[in-house]
Amino acid sequence: MHPPHRNAAQQRADDIQVFLTELARLEAQGIVRLSDAQRQAVTTHHDGVLAGLTADFDIDCSTSARQLSLGMRVVSFLAALALGAFVFFLYYQFWGLFGETSQVVILAGVALGSLGLVAWIQGVDPSGYFTKLAALVAFTCFVLNVILLGEIFNVTPTNHAILPWAALAFLLAYTCDLRLMLAVGICCVIAYVSARVGEHSGVYWLSLGKRPESYFPVAALLFTVPRIIPHQRFAGFDALYRVFGLLCVLLPMLVLGHWGSSSYLLLPPSRIEGLYQLGGFAVSALAIWLGARRGWAGMVNTGIVFFIIFLFTKFFDWWGDLPKWLFFLAMALSAIAVLVFLKGLRARSLRA
Amino acid sequence: MTPRKLLLIAGAAMILTTNAVLLAGVAYNRSGTPESRMVLSEREFVWPRGDDSESENSGLSLPLAWRVSMDETQASTPKEDGLGINPAWLNEQRLAELGFKRGGATGDRPLGVDHLLMSERGVLLVLELAGSTWQQALQRAEQRVARQASLREANPDSEELAAEEKKARREWAREAHEKSRLFAVDAGADLASLRTRYPDKSRYLILPAILHVYGVAGRQGLTRQIQLRANQLHVPHALRGLLPSPPAAKPSFTATVTVGRKLEPWIEAVTRR
């Protein structure tokens, strides 16, 4: 059966390597021995599978290739950021030399051209590294297209401009199978929804950080998406929706746990802070439990990180005046206690 | 349809539609009779300093330099970020008329810990050019000169008083010839009612702004901060040659600023003096 995406293909290749390694171990211990005909058949079959997967998905067939791929992923992300910045500053350096009509044509033309480049590169780059690069540049060009047109014609800034950006980011994410663009699209949706919620509550949309509770509705939306839209063909997309949804709950709670006056609630700030600190512990613990139960590693890790952050900030509130050695001893002992708890959780999941 | 075809078709449609909507909005704003048209001098614009970031930007955008009269004794100086703080006319009653409600304050209880239900609102800001508010600022400067001069006459040997008089004269000269004559004098939610109150479209600009109101726990009084939503006016390419590039000194010029049907302003003409 042909794998639906690169991650599945890589998993298949890894399974073959693991099988061959274990087979060699069993043969060395005399537990099993394949005949020459069987060995030849297995080798021929695996060679064919690996060749097909390499041609279709550009997978890593060895440990060194896998390590290099990790480096290439980091480098391609940095290259994408640098190229995006290059396009941004290039525009600003030269845009004033052209008349308004030329500026409009150039901005729209470059946005369209970069989109075409993504489509072409996708056809010749099965690994996806260069496609990711081109996609981020195309997105940057479109963002600049809208921002610069707004500057040229003194258009009043509006949060509705985020919608087409989000739409393009999602289009690039789903047509090119790019988690980076999905993250960008999700960030756009988060910004738009929280800006709209904030505006209805008396906050100018560019000040959307002033009311952290504005992010809760979009968190609900992000949790809902993977439940109603199946993502079997897109590795890691579900996890991204869930992790961003969780961040949209936990980060505001962390802020409100220390800055209660920014809440919509009509309670004394100290009470609001207490409520959100308790809530933060509860939600991060719930995320760890739910993630462990469903096998959602992203939820578990995000929940653990925020649980520790809430814990340490609380320790600082309680014991910040203690001598430094005592304070850090308390922090270390707490971290060890959490480690022991997680070890127990892991052992229970292995038994299950 | 293959993903590549979908990407090309849907992506191109998105980009073209977005540009079309944006340009249609611009065309609508600049069509028909403008909402207002005002001739401003170089005093009413902030000239860019020409630092590193600006030197890499070949376009030129000029922020409007507008001021507020904070109380009877002072008027603010213009800033590039277009923020006006605590205008005298924006009192509690005016805030209530603009929809700012206070939570937790009842009856005659004085201002205390604030928890505003609405801390920011979009409003329409009225900017007056060389009107009574500017005249008052000029009169205050003249009165300061007269006061310092009489003090110096009474103490002719005092170097400190001599320096204060010199400073007062300098301030008067700046107020008369250099500082912006554009003052924020009112705000409202409805354009028609504001225009009824300020019908002279060559003397009063009405532009969208954001009013931030916030209080500090335990302190009386509220900080009221106004910010124009589109403070930077792009200088069109056709007019660009009339103005030098920063960091060259600010030239003497007049600019015709027109405000369209969507209350989006643009620079229509520039004349060097």
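The values are calculated or read from the model by the stated rules, or taken from the named source; none is laboratory data. All values reported here derive from a predicted model rather than from experimental measurement. All Cβ positions, even for glycine, are placed from backbone atoms using ideal geometry, and neighbour counts span all protein chains on display.
So which of A:Ala297, A:Ala282, A:Ala337 ends up being without any contact (Cβ under 8 Å) to a residue 60 or more places away in the chain, loosely packed, with under 14 Cβ neighbours inside 10 Å and farther than 26 Å from A:Thr224 by Cα?
On the way: A:Ala297 fails: farther than 26 Å from A:Thr224 by Cα; A:Ala282 fails: farther than 26 Å from A:Thr224 by Cα.
Only one candidate qualifies: A:Ala337.
Suppose we filter B:Arg272, B:Arg197, B:Arg229 for residues that are within 21 Å of B:Leu129 (Cβ to Cβ) and within 14 Å of chain A (Cβ to nearest Cβ); which single one remains? Outline the logic, then answer.
Details: B:Arg272 fails: within 14 Å of chain A (Cβ to nearest Cβ); B:Arg197 fails: within 14 Å of chain A (Cβ to nearest Cβ).
Of the residues listed, the single one that is within 21 Å of B:Leu129 (Cβ to Cβ) and within 14 Å of chain A (Cβ to nearest Cβ) is B:Arg229.
Of all the residues that make up region B:34-56, how many are surrounded by fewer than 14 Cβ atoms within 10 Å (Cβ to Cβ) and either modelled with pLDDT of 95 or more or within 7 Å of chain A (Cβ to nearest Cβ) (or both)?
Final tally of qualifying residues: 1.
Does region A:285-304 contain any residue that is under 21 Å from A:Leu251 (Cα atoms) and assigned to a loop (DSSP other than H, G, I, E, B)?
yes
Let me confirm something: among A:Trp259, A:Trp289, which residue is under 23 Å from A:Phe315 (Cβ atoms) and within 14 Å of chain B (Cβ to nearest Cβ)?
On the way: A:Trp289 fails: within 14 Å of chain B (Cβ to nearest Cβ).
Testing whether each residue is under 23 Å from A:Phe315 (Cβ atoms) and within 14 Å of chain B (Cβ to nearest Cβ) leaves just A:Trp259.
Restricting the search to region A:119-151, which residues are of a type in the set (S, T, N, Q), buried (at least 21 other Cβ atoms within 10 Å of the Cβ) and within 25 Å of the chain's Cα centre (by Cα)?
Answer for region A:119-151, where residues must be of a type in the set (S, T, N, Q), buried (at least 21 other Cβ atoms within 10 Å of the Cβ) and within 25 Å of the chain's Cα centre (by Cα): A:Gln122, A:Thr131, A:Thr140.
Test each condition in (1) charged (D, E, K, R); (2) more than 13 Å from chain A (Cβ to nearest Cβ); (3) out of contact with any strand residue (DSSP E or B) (no Cβ under 8 Å at 6 or more places or on another chain) for B:Glu264 and report the one that comes out false.
(2)
Is it the case that region A:221-238 has a residue that's in a helix (DSSP H, G or I) and either over 29 Å from A:Ala9 (Cα atoms) or at the interface with chain B (Cβ under 10 Å from one of its Cβ atoms) (or both)? Even if it seems obvious, please write down each step before you answer.
Initially, region A:221-238 is screened for residues in a helix (DSSP H, G or I), giving A:221-228, A:237-238.
From what is left, the residues that are either over 29 Å from A:Ala9 (Cα atoms) or at the interface with chain B (Cβ under 10 Å from one of its Cβ atoms) (or both) are A:221.
Yes; the residues of region A:221-238 include at least one that is in a helix (DSSP H, G or I) and either over 29 Å from A:Ala9 (Cα atoms) or at the interface with chain B (Cβ under 10 Å from one of its Cβ atoms) (or both).
Quick one: which residue in B:Ala187, B:Ala248, B:Ala269 is at pLDDT below 85 and aliphatic (A, V, I, L, M)? Spell out the reasoning first.
Working: B:Ala187 fails: at pLDDT below 85; B:Ala269 fails: at pLDDT below 85.
None of the others qualify; the one that does is B:Ala248.
So which residues in region A:152-174 are within 9 Å of chain B (Cβ to nearest Cβ), under 21 Å from A:Val124 (Cβ atoms) and touching a residue at least 40 places away in the same chain (Cβ under 8 Å)?
A:Leu172, A:Tyr174, listed by residue number.
Can you run down the residue pairs with Cβ atoms below 6 Å, 6 or more apart or on separate chains, where the first is in region B:184-199 and of a type in the set (Phe, Trp, Tyr) and the partner is surrounded by 11 or more Cβ atoms within 10 Å (Cβ to Cβ)?
B:Tyr198/B:Val126; B:Tyr198/B:Tyr204
With the requirement that a residue be within 10 Å of chain A (Cβ to nearest Cβ) and surrounded by 16 or more Cβ atoms within 10 Å (Cβ to Cβ), what does region B:233-256 give you?
B:Leu233, B:His234, B:Val235, B:Pro236, B:His237, B:Arg240
Name the pairs: first residue in region A:98-124 and without any contact (Cβ under 8 Å) to a residue 12 or more places away in the chain, second residue among the basic types (Lys, Arg), Cβ to Cβ under 6 Å, at least 6 apart or on different chains?
Listed pairs, sorted by first residue: A:Ala119/B:Arg4.
Restricting attention to region A:202-219, does a residue exist that is assigned to a helix (DSSP H, G or I), at pLDDT 90 or above, among the hydrophobic types (A, V, I, L, M, F, W, C) and farther than 23 Å from B:Ser119 by Cα?
Yes, region A:202-219 has at least one match.
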